[in-house]
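What follows is one structure encoded as structure tokens, with my remarks underneath.
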Amino acid sequence: MADEQNTQGGKKGLAVLLEEARENAKALKGRAREELETTLKQPEKTQLYKSIFRVKHDDSERSRALGVLTNVFLHLHPAKINRDAVRYSYTWGMGGISFYLFIVLTITGVLLMFYYHPTKGQAYRDIVYLMSDVPFGSLLRNMHRWAAHLMIITVWLHMFRVFLTGSYKKPREFNWCVGVILLVLTMLLSFTGYLLPDDQLGFWAVTVGTSMANATPLLGAGGPLGPQLGMTNYNDVRFALLGGSIVDANALLRSYIWHCVAIPLIGSVFMGVHFWRVRKDGGISGPAPVMLESEIKSERKF
Amino acid sequence: MSSADHARPQVAAQSLSLVVAESSKPAAPAKPAASAVPGENPGVNKLRRRVVWSCVWGFLAANLLMFLRYFFPRTLFEPSTIFKIGYPSDFQPGVDERFKAQYRIWVIREADRLFVIYGRCTHLGCTPDWKPSEHKFKCPCHGSGYTAEGINFEGPAPRPMDRAHVELDAEGQIVVDTSRLYSWPKGGGDHFNDPGAYINV
């Protein structure tokens, strides 16, 4: 129907339409150029920019604070901290370095997973392949290994510093306990990662480690009161860890899952709580404020 | 900062409970809606939420038990613990290393008896090495030493190595079962002379 009407309108109508279209195109071109110019000159004025960065970043204290608060990656950080809290001689920066190493381990670990099969026989061959032939494989594996060693050291030093500065005291008792759980999880990550190359070192280390689990009181077949509770090598805590009575394919697979999926997930949850509590408990602890006796105000009397 | 922050949500909670009480129980003139303890309102029937919450927690608890049971497989694909190792006449006096790699055992033949030592260090479970020149077993993990009969004499091992069950089948072949072990517990008497712990030869 519309086509018929157009043809009936004649040549004059068509010319007008063409002219209008040309005008529109010209205006559109002008506007596009204008928009492009503002985008290039002042990208922060565009809708795209404003949708991503909602805060105007002028150089004021409020704006800088908002820059931290409104950023998903920075919002765990306090917007402002005490000057003492950033003194390396006081904190050693060990908590932050531990977290940094965790990030490094996560990234290199995920990359290593692309070449690693957690099966007997194949596992060790994959490690040899990674070390000798995969492009950057040796670098990644060494990064993972050294970051793992370093993280154990930094986590212990972090705990040591917190102990020395008395930062486990009220109101930070709960966060100390969360930290102890994180320490245990870090050790478990280290232990489960040990078996994954499936070499002699890892095999016997896990043999020794799970033999210790075998000696757990009540829950281990070799531990005190274990046999009395009916524990054998086929139903005790060692059996649950290995998925069998010997260090074999099931143990390798279980180690792999705990190492790559379960413990990092559990640890991330506890890390989130840990960082959040640091802030809620009053920020990184600083040196105790000195108060002279003369400064202590007497109770107000009515 | 903290006092103001704490105050606000409390006020909100109180006013909310008031609203709930008024809307749910309009015809309750005997008891005033506002109770002495904030957050506790006798006018609200809590039975339903208790039932729902106990269902949720019960479900989660059942799931946790299932999760724990899941880690104990019923079927194992491990090498059989029962196997034949030949005739007593196949073994010379002394320690025989033939089956160490395959079955983790040593066959010991003495003047009048034959027994099988299960090759697991009693300290933390490594496999010791037989050192013929020193005539002893030595564990590479933490240095435990055992005599040629598997009796501990040095290092951290708390007791002698276990011996596996042995018997002769109808053909006269030795059948070993490493799931039935004879041990000498620390401070206890040894089971090395029990029937099944050795074969007379």
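Coordinate-derived values only; no laboratory data. Everything quoted here is computed from the prediction, not taken from an experiment. Cβ sites come from the backbone with ideal geometry, for glycine too, and all protein chains shown count toward neighbours.
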If each residue's Cβ is checked for other Cβ atoms within 10 Å, how do B:CYS55, A:CYS260 rank with the fewest at the top? B:CYS55, A:CYS260
Isolated cysteines for the protein assembly as shown, Cβ-Cβ cutoff 4.7 Å, are A:CYS177, A:CYS260, B:CYS55
List every DSSP H helix in chain A whose Cα atoms extend 30 Å or more along the helix's own long axis and whose mean Kyte-Doolittle hydropathy is at least 0.5. A:137-164, A:173-195
For chain A, calculate the relative contact order in percent as a whole number, restricting contacts to Cα pairs under 8 Å that are 6 or more residues apart. 15 percent
What does a probe at A:ILE103 reach in region A:36-77, counting residues whose amide N is under 17 Å from the point 7 Å along Cα→Cβ? A:68-77
Where in chain A is the longest stretch that carries no trypsin sites (Lys or Arg not before Pro) classed as loop by DSSP and with at most 12 other Cβ atoms within 10 Å? A:170-296
Of B:LYS131/B:LYS186; B:LYS100/B:LYS138; B:LYS100/B:LYS136, pairs whose Cα-Cα distance is over 18 Å: B:LYS131/B:LYS186
For the B:GLU97, A:SER138 Cβ pair and Förster radius 30 Å, calculated FRET efficiency rounded to 0.05 is 0.20
CD proxy, 222 nm, the protein assembly as shown: helix-only mean residue ellipticity via -39,500 (n - 2.57) per DSSP H run with n ≥ 4, per residue, nearest 500, stands at -16000 deg cm²/dmol
Please give the FRET efficiency for A:THR39 paired with B:ARG49, using the beta carbon to beta carbon distance and R0 = 41 Å, rounded to the nearest 0.05. 0.15
Would you mind getting me the FRET efficiency between B:ILE199 and A:LYS170? Use the beta-carbon distance for r and R0 = 51 Å, nearest 0.05. 0.15
Is the C-alpha gyration tensor of region B:102-174 telling us rounded, prolate or oblate? Criteria: a/c under 1.5 is rounded; beyond that, a/b larger than b/c is prolate, otherwise oblate. prolate
Give me the aspartates and glutamates in straight-line cross-link reach of A:LYS12: C-alpha distance below 16 Å, same-chain residues under 8 apart excluded. A:ASP3, A:GLU4, A:GLU20
